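Below is one structure, written out as structure tokens; the observations come after it.
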Amino acid sequence: MSKNLTSRAEDYSKWYNELVVKADLAENSAVRGCMVIKPYGYAIWEKMQAELDRMFKETGHENAYFPLFVPKSLFEAEEKNAEGFAKECAVVTHYRLQNDPDNPGKLRVDPEAKLEEELVVRPTSEAIIWNTYKGWIQSYRDLPILINQWANVVRWEMRTRLFLRTAEFLWQEGHTAHATKAEALVEAEQMNDVYAEFAQNFMAIPVIQGVKTESERFAGAIDTYCIEALMQDGKALQAGTSHFLGQNFAKAFDVKYTNNEGKQDYVWATSWGVSTRLMGALIMTHSDDKGLVLPPNLAPSQVVIVPIFKTDEQFELISEKAQTIIKELKALGVSCKFDKRTTHRPGAKFAQHELQGVPLRIAIGPKDLENNTVELARRDTLTKEVVQIDGIASTIKDLLTVIQDALYAKALNYRDEHITKVDDFETFKKVLENKTGFISAHWDGTAETEKKIKELTKATIRCIPMDNVKEDGVCVFSGKPSQERVLFAKAY
């Protein structure tokens, strides 16, 4: 199965597209620019959801749900937000179809069923949520409001790629309201930390936490915090964002509260989100030319057992041993699948599980039963070893931790080797084209320089790192004074 994959070196983009389809993660749908997430791909997303949802609730957030449709008048209330998303909006103008009198058996939009006001299919939910919060907030006793929503959104994209950029995608969006600026800033930074922790501990992806430049901020935000990851082709991917919205949305929707001194003021806001784009990040960070490589903490099945047999009697004995192993693994919190399909030979099963990135594979045959051993194969290193069945559950539990850590270490090493300090524009261009990755360079802080560099190289400022050390220097492009370096890269 994996032999049909284009190699990463030959064509990284084609490799990615083929892998998503061949590993049974997703496929294009009959709706232009939209995808079907298949059960295996959705199982990985569900694991992501479960961990993130737990982390959100541990930080005091609750889940709610808000309408898919946003009246145009509400959407345009916060001007910068509306302007930022205007070109990506799908708009509902009518509410009914009718039989087409000129084409029997066909339907047309009923011209008499035009909506009094157009409805925007949500590209993000700030507008509808802040209009709702106006009715929820009267005094400081009602604050803070800490809400998260799991939902789908629509952003009309002309050029789409499965998981990375589709017209409709799944995500979570947090929307919080606070009594003070300080509280809102703490919230925005805290949620960016949550995203970084999730990326590193579950996805095994090292990320750089930073702040976006003004031109890269979320539309309507005062500040946008982000986590940036580096893919194997040297391109950056924005894996999550958290926005300090100030009082912009509160003022747009007249959301005020009475403080404990009896005075009225506008509330302070944040919003934050990650999406199924994380699936793309997961694939591109760890996978290889043989297929998907999944970190154990997010794999739908951490272990798969493949029986090797010729007779029904052998199968029964192997199945009995497999069920014992599965029971022991389950007791240790390890998810395991017994692949007892009779429609596939062992070699075909090995190929499929390798392609789909199952972290550990156990093969059991008649000789293994005689010797009380199994063959254990690691997906990340493609190595095999024969181990004793006695104590195998503990062995596997420990090995899964080793694999998780190894994947992170490998990705971190690649990321760190691809952060290059550059002090002149000619070197900047050479590194960008040949070595790729992040370029750490001085920037004069102007939007003009940022725009010019993007026009000339297609590289953008991914972030101003949170842990930046101030240092005097000169801008890599303009030669003007600069007090700190920023990270540039070509990005998805």
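The values are calculated or read from the model by the stated rules, or taken from the named source; none is laboratory data. Predicted model, so just to flag it, every value in this text is computed and none were measured. Positions of Cβ are generated from backbone atoms using ideal geometry, with glycine treated the same way; all protein chains shown enter the neighbour counts. Quick note on the areas: whole protein, heavy atoms, side chains included, nothing else; ligands and nucleic acids left out. Shrake-Rupley method; radii C 1.70, N 1.55, O 1.52, S 1.80 Å.
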Inset, instruction - Name every residue in the stretch 97-126 that is in a loop (DSSP other than H, G, I, E, B) and surrounded by 12 or more Cβ atoms within 10 Å (Cβ to Cβ), in order of residue number. - result: ASP100, ASP110, ALA113, ARG122, PRO123, THR124, SER125
Inset, instruction - Kindly indicate whether LYS429 is within 15 Å of GLU216 (Cβ to Cβ) and of a type in the set (Lys, Arg). - result: no
Legend entry - Among the residues listed as ALA182, ALA188, ALA199, the single one being within 25 Å of TYR12 (Cβ to Cβ) and either among the hydrophobic types (A, V, I, L, M, F, W, C) or in contact (Cβ under 8 Å) with a residue 24 or more places away in the chain (or both): ALA199
Inset, instruction - Assess whether PHE428 counts as being over 25 Å from the mean Cα position of the chain (by Cα) and among the hydrophobic types (A, V, I, L, M, F, W, C). - result: yes
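Residue-wise test of (1) touching a residue at least 60 places away in the same chain (Cβ under 8 Å); (2) under 22 Å from ASN192 (Cα atoms).
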| position | (1), (2) |
| --- | --- |
| SER7 | yes, no |
| TYR12 | yes, no |
| ALA26 | yes, no |
| ALA30 | no, no |
| MET35 | yes, no |
| PRO39 | no, no |
| TYR42 | no, no |
| GLN49 | yes, yes |
| LYS57 | no, yes |
Inset, instruction - Considering every residue within the stretch 434-447, establish whether at least one is open to solvent by 20 Å² or more (accessible area, probe 1.4 Å), within 30 Å of ASN201 (Cα to Cα) and either outside any helix (DSSP H, G or I) or not aromatic (Phe, Trp, Tyr) (or both). - result: yes
Inset, instruction - Might you check whether a residue that is open to solvent by 10 Å² or more (accessible area, probe 1.4 Å), at pLDDT below 95 and at negative phi occurs anywhere in the stretch 194-214? - result: no
Inset, instruction - Return the only residue of ALA281, ALA252 being at pLDDT 95 or above, among the aliphatic types (A, V, I, L, M), surrounded by 22 or more Cβ atoms within 10 Å (Cβ to Cβ) and farther than 30 Å from ALA9 by Cα. - result: ALA252
Inset, instruction - Would you mind stating whether LYS451 is at positive phi, surrounded by fewer than 16 Cβ atoms within 10 Å (Cβ to Cβ) and within 27 Å of the chain's Cα centre (by Cα)? - result: no
